[in-house]
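Read the structure below first, then the notes.
The values are calculated or read from the model by the stated rules, or taken from the named source; none is laboratory data. Please read all numbers here as calculations on a predicted model, not as lab measurements. Positions of Cβ are generated from backbone atoms using ideal geometry, with glycine treated the same way; all protein chains shown enter the neighbour counts.
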Amino acid sequence: MEARPPLRTIPDFPRDGINFIDITPWVQDGAAFRAAIEELAAFARPLGIDIVAAPEARGFLVGAPLAVALGVGFAPVRKPGRLPYDTIRADYELEYGEASLEIHVDAVKPGQRVLVVDDLLATGGTVAATIGLMERQGGKVQGLGFLVELEFLSGRDRLPQLPIHSVVRLAE
């Protein structure tokens, strides 16, 4: 991968004691952003993906361009009350609280091969909830992709045994 700008760490955001990893420098750099999306696409192509699913909001920054690169559809996973059609919901825990996600009831068709992506894998709660939503609709999750993985939070341990690719893995 080409040289990319460093990630930014924002202390005490969104709450005291949380060090937020900011991907904004990557997405502001066209070459770095393109290289990251291409790396995730190279991981996904052998999986035979039919649709990419990603949770809002930063997951959309990865999921939508990745779906375009793969030539497949995109399933947005949103916070409650933001989707206009009938939805199903999943509640889950974050490293700093609780949250919920929703998806349209027809976003993923039974048997579709799904790639779930997000900007960052921390404790795995958000992606586990997203996987659950895909499976409830009959989708077959084939793999998981991330720009950044915080290995020290052991998010992989909460996830099913699926192929996972992270562009960058941070040990601490």
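Is there a residue in segment 66-79 that is part of a helix (DSSP H, G or I) and surrounded by fewer than 20 Cβ atoms within 10 Å (Cβ to Cβ)? Quick ask: steps written out before the conclusion?
Looking only at segment 66-79, we keep the residues that are part of a helix (DSSP H, G or I), and these are 66-70.
With the extra rule that they be surrounded by fewer than 20 Cβ atoms within 10 Å (Cβ to Cβ), the set shrinks to 68-69.
Yes, that holds for at least one residue.
Select, from I131, I164, the only residue that is among the hydrophobic types (A, V, I, L, M, F, W, C), touching a Lys or Arg at 6+ places or on another chain (Cβ under 7 Å) and at pLDDT 95 or above.
Details: I131 fails: touching a Lys or Arg at 6+ places or on another chain (Cβ under 7 Å).
Among I131, I164, only I164 is among the hydrophobic types (A, V, I, L, M, F, W, C), touching a Lys or Arg at 6+ places or on another chain (Cβ under 7 Å) and at pLDDT 95 or above.
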Is there a residue being under 15 Å from R58 (Cα atoms), among the charged types (D, E, K, R) and free of Cβ contacts under 8 Å to residues at least 24 places away in the same chain anywhere in segment 138-154? no
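One line per residue, one yes/no per condition, for (1) of a type outside the set (D, E); (2) under 21 Å from L159 (Cβ atoms); (3) in contact with a Phe, Trp or Tyr (Cβ under 7 Å, 6 or more places away or on another chain); (4) modelled with pLDDT of 95 or more:
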{"residue": "I21", "(1), (2), (3), (4)": "yes, yes, no, no"}
{"residue": "L40", "(1), (2), (3), (4)": "yes, yes, no, yes"}
{"residue": "G48", "(1), (2), (3), (4)": "yes, yes, no, yes"}
{"residue": "V52", "(1), (2), (3), (4)": "yes, yes, yes, yes"}
{"residue": "E56", "(1), (2), (3), (4)": "no, yes, no, no"}
{"residue": "V77", "(1), (2), (3), (4)": "yes, yes, no, yes"}
{"residue": "R82", "(1), (2), (3), (4)": "yes, no, no, yes"}
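So, in segment 84-95, exactly how many residues are surrounded by fewer than 17 Cβ atoms within 10 Å (Cβ to Cβ) and within 18 Å of the chain's Cα centre (by Cα)?
Residues of segment 84-95 that are surrounded by fewer than 17 Cβ atoms within 10 Å (Cβ to Cβ), as a first pass: 84-86, 88-89, 91, 93-95.
Right, trim to within 18 Å of the chain's Cα centre (by Cα) and you get 89, 91, 93-95.
Residues flagged as surrounded by fewer than 17 Cβ atoms within 10 Å (Cβ to Cβ) and within 18 Å of the chain's Cα centre (by Cα) within segment 84-95 amount to 5.
Filter segment 114-172 down to the residues that are among the hydroxyl-bearing types (S, T, Y) and assigned to a strand (DSSP E or B) and list them by number. Before the answer, list the steps.
Quick first cut of segment 114-172, residues among the hydroxyl-bearing types (S, T, Y) only: 123, 126, 130, 154, 166.
The one that is among the hydroxyl-bearing types (S, T, Y) and assigned to a strand (DSSP E or B): S166.
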Those residues of segment 18-35 that are free of Cβ contacts under 8 Å to residues at least 12 places away in the same chain and over 13 Å from V148 (Cα atoms) come to a total of 3
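If you scan segment 18-65, which residues turn out to be part of a loop (DSSP other than H, G, I, E, B), among the hydrophobic types (A, V, I, L, M, F, W, C) and under 16 Å from G143 (Cβ atoms)? Write out each step before concluding.
Taking segment 18-65 as the starting set, the residues that turn out to be part of a loop (DSSP other than H, G, I, E, B) are 18, 23, 29, 48-50, 56-57.
This time we only want the ones that are among the hydrophobic types (A, V, I, L, M, F, W, C), so: 18, 23, 49, 57.
Hit for segment 18-65 is I49, nothing else.
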